[in-house]
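Q: Pasting a structure here, questions to come.
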Amino acid sequence: MKKLIVANWKMNPQTEKEVHTAVKTLSTSLVSTKNAEVVICPPYVFIPTIRGLKNKKIALGSQTVATEEAGPFTGEVSASMLRDIKVTYCIVGHSERRSRGETDDMISKKMALLIKSKITPILCIGETIRSSDGEYLQVVKNQLTASLTGINKNYIKQLVIAYEPVWALSSTENRHDATAYDFEEMRIYIRKILTDVYSPLIAKSVRILYGGSVSTDTAHDFLTAGADGLLVGKASLDPKQFASIIHSANNIH
Ligand code: PGA
């Protein structure tokens with residue numbers, strides 16, 4: 001299966017012109033991409049811009065979605081609206097949204113609505129600190145099981161989970177790097193939880209990505225450690241760097 005390389009642009013860039021330049025630069029490099037499926041999650045306003053550039057090698061993603069289907073919710077965007085403009089992936093439960101009040105219950109509602117609209121949720125989970133008593137394992141387990149409550153078992157295998165340790169994100173103060181080993185341990189642990197709650201077959205089908213300061217230097221290591229893909233923040237804002245991250249999937253099987 002192709003590696004899923006997702007760009008999370010967060011609240012960048014500031015102009016449509018920059019979006020054009022970034023996508024055009026990236027498009028040139030995507031010609032030689034064989035082993036990667038590329039998704040860009042721009043701010044909502046730029047989704048139609050990227051769609052208009054019509055690059056078949058770039059799938060559209062959203063950074064969040066409303067918890068409701070439709071109605072009087074000022075400022076919100078529904079899953080069916082996203083589907084209508086051809087969005088196929090949506091990030092849910094990103095730590096930057098959790099820290100602004102997004103709860104597991106909201107995440108679970110969002111996931112259900114996305115699945116109903118045939119949009120693949122990219123569920124972000126990850127601990128804030130990694131203490132030596134192993135408490136972080138429980139934190140990740142709680143996030144995972146709480147977010148999946150209410151999701152029909154038949155849909156679980158289509159999910160994408162992004163393990164993003166908050167302490168390794170480029171935006172975290174006093175951050176430090178996660179190693180490929182840190183990821184590998186968590187990948188095994190997540191599959192074990194999914195096996196216990198669902199089945200080994202379902203656990204095997206879910207794609208598990210790594211996210212947290214992925215760069216040209218580290219992308220290959222995480223993919224070699226069994227990541228089914230990468231969720232890339234800061235480095236995805238530089239199209240050349242992002243292209244080189246995408247290309248690191250080329251020689252991984
Ligand atoms: P980063 O962001 O690559 O800048 O650490 C990743 C993310 O927040 O999804």
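Q: Is there a residue being surrounded by fewer than 19 Cβ atoms within 10 Å (Cβ to Cβ), within 16 Å of the ligand (Cβ to nearest atom), part of a loop (DSSP other than H, G, I, E, B) and not charged (D, E, K, R) anywhere in the range 239-247?
A: For the range 239-247, residues surrounded by fewer than 19 Cβ atoms within 10 Å (Cβ to Cβ), within 16 Å of the ligand (Cβ to nearest atom), part of a loop (DSSP other than H, G, I, E, B) and not charged (D, E, K, R): absent.
Q: Then there's this: Taking the stated definitions as given, is Ala59 touching a residue at least 40 places away in the same chain (Cβ under 8 Å) and buried (at least 19 other Cβ atoms within 10 Å of the Cβ)?
A: Considered against the rule, which asks whether it is touching a residue at least 40 places away in the same chain (Cβ under 8 Å) and buried (at least 19 other Cβ atoms within 10 Å of the Cβ), Ala59 comes out as no.
Q: Within 16 Å of the ligand (Cβ to nearest atom), closer than 25 Å to Cys90 by Cβ and aliphatic (A, V, I, L, M): does that describe Ala235?
A: Considered against the rule, which asks whether it is within 16 Å of the ligand (Cβ to nearest atom), closer than 25 Å to Cys90 by Cβ and aliphatic (A, V, I, L, M), Ala235 comes out as yes.
Q: Follow-up. Taking the condition within 30 Å of Glu69 (Cα to Cα), touching an Asp or Glu at 6+ places or on another chain (Cβ under 6 Å) and touching a residue at least 24 places away in the same chain (Cβ under 8 Å), does Ser205 pass?
A: no
Q: Can you name the helices (runs of 4 or more DSSP H) wholly within the range 170-231 that have at least 2 residues being within 13 Å of the ligand (Cβ to nearest atom)?
A: Per the criteria, 219-224.
Q: Do you know which residues across the range 65-99 are out of contact with any strand residue (DSSP E or B) (no Cβ under 9 Å at 6 or more places or on another chain), of a type outside the set (Asp, Glu) and not in a loop (DSSP other than H, G, I, E, B)?
A: Ser80, Arg83
Q: Spot the failing condition for Thr128; the list is (1) hydroxyl-bearing (Ser, Thr, Tyr); (2) surrounded by fewer than 21 Cβ atoms within 10 Å (Cβ to Cβ); (3) out of contact with any Lys or Arg (no Cβ under 8 Å at 6 or more places or on another chain); (4) in a helix (DSSP H, G or I), and only one is missed.
A: Condition not satisfied by Thr128: (4).
Q: Please go through (1) surrounded by fewer than 13 Cβ atoms within 10 Å (Cβ to Cβ); (2) closer than 27 Å to Asn12 by Cβ; (3) of a type in the set (Lys, Arg) for Arg175 and return the number of the only condition it doesn't satisfy.
A: (1)
Q: Just one of the numbered conditions (1) touching a helix residue (DSSP H, G or I) at 6+ places or on another chain (Cβ under 6 Å); (2) free of Cβ contacts under 8 Å to residues at least 40 places away in the same chain; (3) within 16 Å of the ligand (Cβ to nearest atom) is not true of Arg130; which one?
A: Exception for Arg130: condition (2).
Q: Something else now. Any residue in the range 146-174 that is at pLDDT 95 or above sitting within a Cβ distance under 7 Å of a residue that is of a type in the set (Phe, Trp, Tyr) and crowded, with 19+ Cβ neighbours inside 10 Å? List the pairs, counting only those 6 or more apart or interchain.
A: What qualifies is Tyr163/Phe183; Tyr163/Tyr210.
For (1) among the polar types (S, T, N, Q); (2) more than 19 Å from the chain's Cα centre (by Cα); (3) modelled with pLDDT under 95; (4) away from the ligand (no atom under 16 Å from the Cβ), each residue gets a yes or a no:
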| site | (1), (2), (3), (4) |
| --- | --- |
| Trp9 | no, no, no, no |
| Thr21 | yes, yes, no, yes |
| Thr28 | yes, yes, yes, yes |
| Val31 | no, yes, yes, yes |
| Lys34 | no, yes, yes, yes |
| Pro42 | no, no, no, no |
| Thr49 | yes, yes, no, yes |
| Asn55 | yes, yes, yes, yes |
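The values are calculated or read from the model by the stated rules, or taken from the named source; none is laboratory data. The structure displayed is predicted, hence computed values, not measured ones. Reconstructed Cβ throughout: ideal geometry from the backbone, glycine too, with neighbour counts over all protein chains shown.
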